[in-house]
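The values are calculated or read from the model by the stated rules, or taken from the named source; none is laboratory data. Since the structure is predicted, the reported quantities are computational estimates derived from the model, not experimental observations. Methodologically, a virtual Cβ is constructed for each residue, glycine included, from the backbone with ideal geometry; neighbour enumeration extends over all protein chains shown.
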Ligand SMILES: [Zn+2]
């Protein structure tokens, strides 16, 4: 994978921040073996209290059938092939709160669809695969080695936010705060099950009902392993339930550098069609001070066909 940064003026003006972004992007490039080129816009901007960064992955709507075909075809001969072949021909059931219905579409990030071999995405949807805003008003550490005490490690935040661009996102974040509507389940949501119905086998993985209910305790599962997901109520649902599970947790601590993928992270990205290469497995440290790292709320207010932000307010 090759990640190209399209930096806004404030980010561009900070050589330390630019270098930290490049290191985080390089880390992903080392971890992902897919022959995929993605372009991410990023800059600093004002965010509401407690939010260090927001991601706006470019999303593309597709059908379940198209998505399943891409997952199967892109994984031929790979370890994930059995998992994707366990997906039923018709879309599995997604349990939803009263007032909500699942549309006939599925959402996947544009970057993720590139990994699955979908063609002409840049021509159809524009060059950007995602946009990231880093909150102003925080003290960031830009060190390559170690983290300055009392500061947030910029490189780690970049690493996390790129993970959303790659597809770590749930439609549950469309539901929280609303009373009704139609939602497109995401590719990631194909792995979201209620705690009362976590699949233990590939067969169960195929047929079990998924849950997009914020009131459910939900787990990511591939029919073999399972990990707790954030409900979407306290923290946005496009995350693990805690930092002990992996880098895609909803919070980051001061003084901590998180530039690795845990077993849970690797399983999740692999299950979305990313080919993970090398990279040792670590366990995440315990959290200290907690701050949300949510996806921007406006992420899910976009038109169905494409999510695209051409510029960010500085
Ligand atoms: Zn996040």
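Inspect all residues belonging to region 21-39 and state whether any of them is within 16 Å of the ligand (Cβ to nearest atom) and not in a helix (DSSP H, G or I). No, because not a single residue in region 21-39 is within 16 Å of the ligand (Cβ to nearest atom) and not in a helix (DSSP H, G or I). When each of 217, 211, 221 is tested for being over 20 Å from residue 273 (Cα atoms), away from the ligand (no atom under 16 Å from the Cβ) and surrounded by 20 or more Cβ atoms within 10 Å (Cβ to Cβ), the lone residue that passes is 211.
Among the residues of region 46-64, the ones that are away from the ligand (no atom under 16 Å from the Cβ) and farther than 20 Å from residue 109 by Cβ come to 2 in all.
Condition first: in contact (Cβ under 8 Å) with a residue 40 or more places away in the chain and over 27 Å from residue 220 (Cβ atoms). Now tell me which residues in region 142-178 satisfy that. Result: 142, 144, 146, 147, 148, 149, 150, 151, 154.
State whether the residues of region 42-60 include one that is closer than 21 Å to residue 168 by Cβ and modelled with pLDDT of 95 or more.
So far as region 42-60 goes, yes, one or more of its residues are closer than 21 Å to residue 168 by Cβ and modelled with pLDDT of 95 or more.
Of the residues making up region 6-38, those that are under 27 Å from residue 262 (Cβ atoms) and buried (at least 18 other Cβ atoms within 10 Å of the Cβ) are 17, 20, 21, 24, 25, 27, 28, 31, 32, 34, 36, 38.
Out of curiosity, is residue 5 part of a loop (DSSP other than H, G, I, E, B) and either more than 17 Å from the chain's Cα centre (by Cα) or closer than 28 Å to residue 123 by Cβ (or both)? Don't jump to the end; show me each part of the working.
Values: part of a loop (DSSP other than H, G, I, E, B): no; either more than 17 Å from the chain's Cα centre (by Cα) or closer than 28 Å to residue 123 by Cβ (or both): yes.
Criteria not met by residue 5.
So, in region 260-277, of the ones that are part of a loop (DSSP other than H, G, I, E, B) and crowded, with 20+ Cβ neighbours inside 10 Å, which residue ends up farthest from the ligand (Cβ to nearest atom)? Spell out the reasoning first.
Filtering region 260-277 for residues part of a loop (DSSP other than H, G, I, E, B) gives 260, 262, 272-275, 277.
In the following step, the residues that additionally are crowded, with 20+ Cβ neighbours inside 10 Å were identified as 262, 272-274.
Values: 262: 15, 272: 15, 273: 20, 274: 17 Å.
So the residue we want is 273.
Quick one: is residue 118 away from the ligand (no atom under 16 Å from the Cβ), at pLDDT below 95 and surrounded by fewer than 20 Cβ atoms within 10 Å (Cβ to Cβ)?
Numbers: away from the ligand (no atom under 16 Å from the Cβ): yes; at pLDDT below 95: yes; surrounded by fewer than 20 Cβ atoms within 10 Å (Cβ to Cβ): yes.
Yes.
Taking the conditions (1) more than 29 Å from residue 206 (Cβ to Cβ); (2) touching a strand residue (DSSP E or B) at 6+ places or on another chain (Cβ under 8 Å); (3) buried (at least 17 other Cβ atoms within 10 Å of the Cβ) in turn, residue 67 satisfies each one other than (1).
Could you go through region 91-110 and let me know if any residue there is touching a strand residue (DSSP E or B) at 6+ places or on another chain (Cβ under 9 Å), within 16 Å of the ligand (Cβ to nearest atom), within 23 Å of residue 58 (Cβ to Cβ) and touching a residue at least 12 places away in the same chain (Cβ under 8 Å). Show your work before the answer.
First pass over region 91-110, keeping only residues touching a strand residue (DSSP E or B) at 6+ places or on another chain (Cβ under 9 Å): 91-96, 99-110.
Subsequent filtering for residues that are within 16 Å of the ligand (Cβ to nearest atom) retains 109.
From the residues that got through so far, the ones that are within 23 Å of residue 58 (Cβ to Cβ) too are 109.
After this cut, where a residue has to be touching a residue at least 12 places away in the same chain (Cβ under 8 Å) as well, the list is 109.
Checked region 91-110: at least one residue is touching a strand residue (DSSP E or B) at 6+ places or on another chain (Cβ under 9 Å), within 16 Å of the ligand (Cβ to nearest atom), within 23 Å of residue 58 (Cβ to Cβ) and touching a residue at least 12 places away in the same chain (Cβ under 8 Å).
Inspect region 73-83 for any residue being assigned to a helix (DSSP H, G or I) and under 30 Å from residue 138 (Cβ atoms) and give the result as yes or no. Looking for residues that are assigned to a helix (DSSP H, G or I) and under 30 Å from residue 138 (Cβ atoms), one finds none in region 73-83, hence no.
When the test is whether a residue is in contact with a helix residue (DSSP H, G or I) (Cβ under 9 Å, 6 or more places away or on another chain), within 14 Å of the ligand (Cβ to nearest atom) and modelled with pLDDT of 90 or more, residue 237 passes it.
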